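A.B. asks: Here's a structure for you.
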Amino acid sequence: MKLATKLQTALNDQLGLELVSAYAYLGMAAYFQQSPFTGFAQWMQLQSHEELAHAQKFFNYIGERNGKVKLQALPEPQSDYKSPLQVFQTSLAHEQKVSAAICGIYELALAEKDFATLSFLKWFLDEQVEEEKTVGEMVAKLEMVGDNRNGLFHLDKLAAKRGDRIA
Ligand code: FEO
């Protein structure tokens, strides 16, 4: 079952996008590291780790299908933001872009009748639903508290609970 060239290119592009994601979240973690928001910093570090794991899944899958991995240069990530809300809004927009990219590969795999790749992509479709939900909820909470210091302190503690997994 040979991997179609078009599909191999799309899988490599996604491998690149997952690495870009890991780097983007590390940039966000760097921003929070310079702030009092240690919980948000942990959240972004965890997110960066998860993106590396996603990239690894694409790397391995291309190899399992006897495809050729092609790595691409990573752009410098943004590490200056105005507020936690702006960071999470950026994260949400990024995840929506990733979801669209996964759907694009899914469409391509469908057109190529590559059922193994469709099966592989199923995990990512589910993961994107979860990621958009988690980040979207944090955006909504940050919008709700605005500049209220107590509210921000509480949300930072909440973010730390998720980040505890790598602490
Ligand atoms: Fe791997 Fe957050 O997309």
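The values are calculated or read from the model by the stated rules, or taken from the named source; none is laboratory data. Because the structure is a prediction, the values reported are computed rather than measured. Glycine gets a Cβ as well: all are built from the backbone with ideal geometry, and neighbour counts include every protein chain shown. The area values use the complete protein model at the heavy-atom level, side chains included, leaving out ligands, DNA and RNA. Shrake-Rupley method; radii C 1.70, N 1.55, O 1.52, S 1.80 Å.
A.B. asks: I'm trying to understand the selection: among the residues of region 19-43, which are within 13 Å of the ligand (Cβ to nearest atom) and touching a residue at least 60 places away in the same chain (Cβ under 8 Å)?
C.D. replies: Of everything in region 19-43, those that are within 13 Å of the ligand (Cβ to nearest atom) and touching a residue at least 60 places away in the same chain (Cβ under 8 Å) turn out to be Ser21, Ala24, Tyr25, Met28, Trp43.
A.B. asks: Whether any residue in region 91-108 is closer than 24 Å to Glu130 by Cβ, touching a Lys or Arg at 6+ places or on another chain (Cβ under 7 Å) and surrounded by 13 or more Cβ atoms within 10 Å (Cβ to Cβ) is what I want to check. Lay out the reasoning, then the answer.
C.D. replies: Filtering region 91-108 down to residues closer than 24 Å to Glu130 by Cβ leaves 91-108.
When the remaining residues are screened for being touching a Lys or Arg at 6+ places or on another chain (Cβ under 7 Å), the result is 108.
Still in the running and surrounded by 13 or more Cβ atoms within 10 Å (Cβ to Cβ): 108.
Yes.
A.B. asks: I've got another one for you. Within region 1-18, restricting attention to residues that are within 13 Å of the ligand (Cβ to nearest atom) and among the hydrophobic types (A, V, I, L, M, F, W, C), which residue is farthest from Pro77 (Cα to Cα)?
C.D. replies: Ranking the qualifying residues of region 1-18, first place goes to Leu15.
A.B. asks: Moving on to the next point. Just wondering, is there one or more residues in region 110-120 that are within 16 Å of the ligand (Cβ to nearest atom) and either part of a helix (DSSP H, G or I) or loosely packed, with under 15 Cβ neighbours inside 10 Å (or both)?
C.D. replies: In the first step, residues of region 110-120 are kept if they are within 16 Å of the ligand (Cβ to nearest atom); the result is 120.
Filter once more, so that each one left must be either part of a helix (DSSP H, G or I) or loosely packed, with under 15 Cβ neighbours inside 10 Å (or both): 120.
For region 110-120, residues within 16 Å of the ligand (Cβ to nearest atom) and either part of a helix (DSSP H, G or I) or loosely packed, with under 15 Cβ neighbours inside 10 Å (or both): present.
A.B. asks: So if I check each of Gln96, Gln86, which one is away from the ligand (no atom under 15 Å from the Cβ) and either of a type in the set (Phe, Trp, Tyr) or under 18 Å from Met28 (Cα atoms) (or both)? I'd like the intermediate steps shown before the answer.
C.D. replies: Details: Gln96 fails: away from the ligand (no atom under 15 Å from the Cβ).
The unique qualifying residue is Gln86.
A.B. asks: For region 7-29, what are the residues that are open to solvent by less than 40 Å² (accessible area, probe 1.4 Å) and within 26 Å of Ser83 (Cβ to Cβ)? Walk me through it before giving the result.
C.D. replies: Step one: filter region 7-29 for residues open to solvent by less than 40 Å² (accessible area, probe 1.4 Å), giving 7, 10-12, 14-18, 21-22, 24-25, 27-29.
Leu17, Ser21, Ala22, Ala24, Tyr25, Gly27, Met28, Ala29 - these are the residues of region 7-29 that are open to solvent by less than 40 Å² (accessible area, probe 1.4 Å) and within 26 Å of Ser83 (Cβ to Cβ).
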